[in-house]
Every structure is written in structure tokens, then in C-alpha cells.
Amino acid sequence: MLTLYGTSKSRSARSLWALEELGIKYEQVPVEVAKAKSPEHLQRNPNGHIPVLNDDGHYLWESMAINLYLAEKYGKAPLWPATTDGHGDCYKWSFFGMTEIEPHLMTILRNRLFLPADQRDEKAIQNATDSLKSPLKALDDQLKSRPYLLGNDFSIADLNVAAVLSFAMLVKLDMTATPAAQAWLQKCLGREANQRVRALP
């Protein structure tokens, strides 16, 4: 039995999305971010974060690791490509989302929504916004000639990058300079599996 610890109002949403896309039976235990450092949860993840996946006694943490594991173990083409080259492309784009996009979006998110008003840094927001221009252009260039990152079909790479970029919606990031990426993001986030996740605790 698969159990996912975490709330849909956190990075856990991306792993819930993967589970929904795979259509496999799982249980969600909606551990909140504030309770992730409880003694009980620290036994699942010593870092005190969510999500955590329990797959029949095998515990995994880090949302991207969880998603790639789920896709490899339970998925099939096209969600998880049939070739090693395809697997490499999934790793490439997933890590791109984590390293080139997410840190800058988190900087904007903290300074627009999370920090008290007197601690917010507009210069940090501007620097992060400027830093996003290059990776968003790389994403846009990839999507100008194909509907999804790896070609004609939605894959775990699309899910992972779109899940990261969903933060752009929260901070109202202007993506009009990268229309292919903007349209792709709306298409991915509009998938039925992701919409089901939005209704979860």
C-alpha cells in the first residue's frame, strides 16, 4: 500500500499529482508543513519536511525523487518513457525545474507573500525575476515546436516542471514574453489529475 504524507497546499501536491496521473491506489495522510518536525514525522524524514512516501515499508522523501521513483516503478510510456534516453530527458528537465526555476520563484514567493511587509525586499524580487528570464526562454524554445517537453505526449518531466512553475501563478509572474511556455503551463495545470489534487486536504 502506498501512503503519501503531506498536504496539497505544499510541495506534496506534485507527488499527489503523480499518484493521480498513475491511477494507482494510495492513502493520503495530510501532514501540514508546521507539523512536519513532530517526533513521529521525523522518524519518516529526519529533515522534517513533506512529502514523504511510504511504499510498503520503503520510505522516500524529496518530491522530485518521489515522482521519478513512482513514474519508473508504476508508470509506463508515455508518462515514463520506454527508452533510457527518455529517462535521461526526464531527469534533465526535472532537475532543471529544481535548480534553474524553483529557487528564484521561492525568493519571489517569500518576499511577496510569506515575509512580514517590513521585511520584504523588492530588489530581491527584481533580481529573481530577471534571473528567471533565461531558463524561461530555454523552456519556451523547447516548447515552440512540440506540445510537451519530450515530444507529443505528456510525461513526468512535464508534470515536474509544471508543478514547480505553478508557483508562478501564486506570485502572478508575467510570462507573456514566453507564450509557448505559458500556454504549456496552463495546459498541464488544467489536467484532470491535477484538478483532483486541488480538492484534496
Those aspartates and glutamates that a straight Cα-Cα span of less than 14 Å connects to LYS92, excepting residues fewer than 8 apart in one chain = GLU100, ASP158
Could you tell me which trypsin sites (Lys or Arg not before Pro) in the stretch 106-151 are loop residues by DSSP with no more than 14 other beta carbons within 10 angstrom of their beta carbon?
-> ARG120, LYS144
Name the shape class, rounded, prolate or oblate, that the alpha-carbon gyration tensor gives for the stretch 105-195, where a ≥ b ≥ c are the square roots of its eigenvalues, rounded holds for a/c under 1.5, and otherwise prolate holds if a/b is larger than b/c and oblate otherwise.
-> prolate
Tell me what the chain gives for mean residue ellipticity at 222 nm when only DSSP H runs of n ≥ 4 count, each as -39,500 (n - 2.57), the sum divided by the residue total, rounded to 500 deg cm²/dmol.
-> -15000 deg cm²/dmol
Percent antiparallel among DSSP beta bridges (both partners in the chain, rounded to 5) = 70 percent
Given LYS144/LYS172; LYS9/LYS76; LYS76/LYS133; LYS9/LYS137, the pairs whose alpha carbons are separated by over 26 Å = LYS9/LYS76; LYS76/LYS133; LYS9/LYS137
Debye, to nearest 20: dipole size of the chain, +1 on Lys, Arg Cβ, -1 on Asp, Glu Cβ = 380 debye
One point scatterer per Cα, no solvent, Debye formula: log10 I(q)/I(0) for the chain at q = 0.08, 0.11 Å⁻¹ comes out as -0.27, -0.52
Projecting the Cα atoms of SER155, HIS87, VAL171 onto the charge dipole of the stretch 84-191, where Lys and Arg contribute +1 and Asp and Glu -1 at Cβ, the residue farthest towards the positive end is VAL171
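The numbers here are math on the coordinates, done by the rules we state, and not lab data. Treat the numbers as computed from the prediction; the structure is a model and nothing was measured. Cβ atoms come from the backbone with ideal geometry, glycine included; neighbour counts cover every protein chain shown.
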